């Protein structure tokens, strides 16, 4: 299943179900096939996602290389990981645009 987050002033962001549901859980919304972010709740949703991104980046920066001290293995592992920041950025951008315009974001409607 795909989630399509839509906003009148910013277009559509499409995400796979696992990614979208992870982000919704971080924000505090129950994963559901349809929903809405009202403008008055966007600031707290943005803050929750940004906080999770910062914690994820801090954890990634302190993580040990998978195979000990081998820098080559570490570089390869790092290039394969899609960070929470990369996954959240499109939705964060949509939310910031919607907040600035006072518009809601919907999905599955």
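The table below gives the values:
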read-out	value
Count of segment 94-109 residues which are assigned to a helix (DSSP H, G or I) and either surrounded by 14 or more Cβ atoms within 10 Å (Cβ to Cβ) or in contact (Cβ under 8 Å) with a residue 12 or more places away in the chain (or both)	7
Pairs with Cβ under 6 Å, 6+ apart, first in segment 11-33 and more than 16 Å from residue 83 (Cα to Cα), second surrounded by fewer than 12 Cβ atoms within 10 Å (Cβ to Cβ)	14/2; 17/1
Residues that are within 15 Å of residue 92 (Cα to Cα), exposed (fewer than 14 other Cβ atoms within 10 Å of the Cβ) and within 12 Å of the chain's Cα centre (by Cα), drawn from segment 1-21	14
Residue match in segment 22-39 (condition: at pLDDT below 95, assigned to a loop (DSSP other than H, G, I, E, B), within 16 Å of residue 94 (Cβ to Cβ) and touching a helix residue (DSSP H, G or I) at 6+ places or on another chain (Cβ under 6 Å))	no
Count of residues meeting criterion [closer than 18 Å to residue 16 by Cβ and in contact with a strand residue (DSSP E or B) (Cβ under 6 Å, 6 or more places away or on another chain)] in segment 30-47	1
Failed item in (1) surrounded by fewer than 13 Cβ atoms within 10 Å (Cβ to Cβ); (2) out of contact with any helix residue (DSSP H, G or I) (no Cβ under 9 Å at 6 or more places or on another chain); (3) at pLDDT 85 or above, with residue 61 passing the rest	(3)
Number of the condition not met by residue 104 [criteria: (1) within 20 Å of residue 15 (Cβ to Cβ); (2) under 16 Å from the mean Cα position of the chain (by Cα); (3) modelled with pLDDT of 95 or more]	(2)
Hits in segment 1-13 (condition: touching a strand residue (DSSP E or B) at 6+ places or on another chain (Cβ under 6 Å) and under 18 Å from residue 104 (Cβ atoms))	3, 4, 5, 6, 7, 12, 13
Candidates 76, 50, filtered to the one that is out of contact with any strand residue (DSSP E or B) (no Cβ under 6 Å at 6 or more places or on another chain), assigned to a helix (DSSP H, G or I) and modelled with pLDDT of 95 or more	50
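The values are calculated or read from the model by the stated rules, or taken from the named source; none is laboratory data. Quick caveat, the model's predicted, so the values are computed rather than measured. Note that each Cβ is placed from the backbone with ideal geometry, even for glycine, and that neighbours are counted across all protein chains shown.
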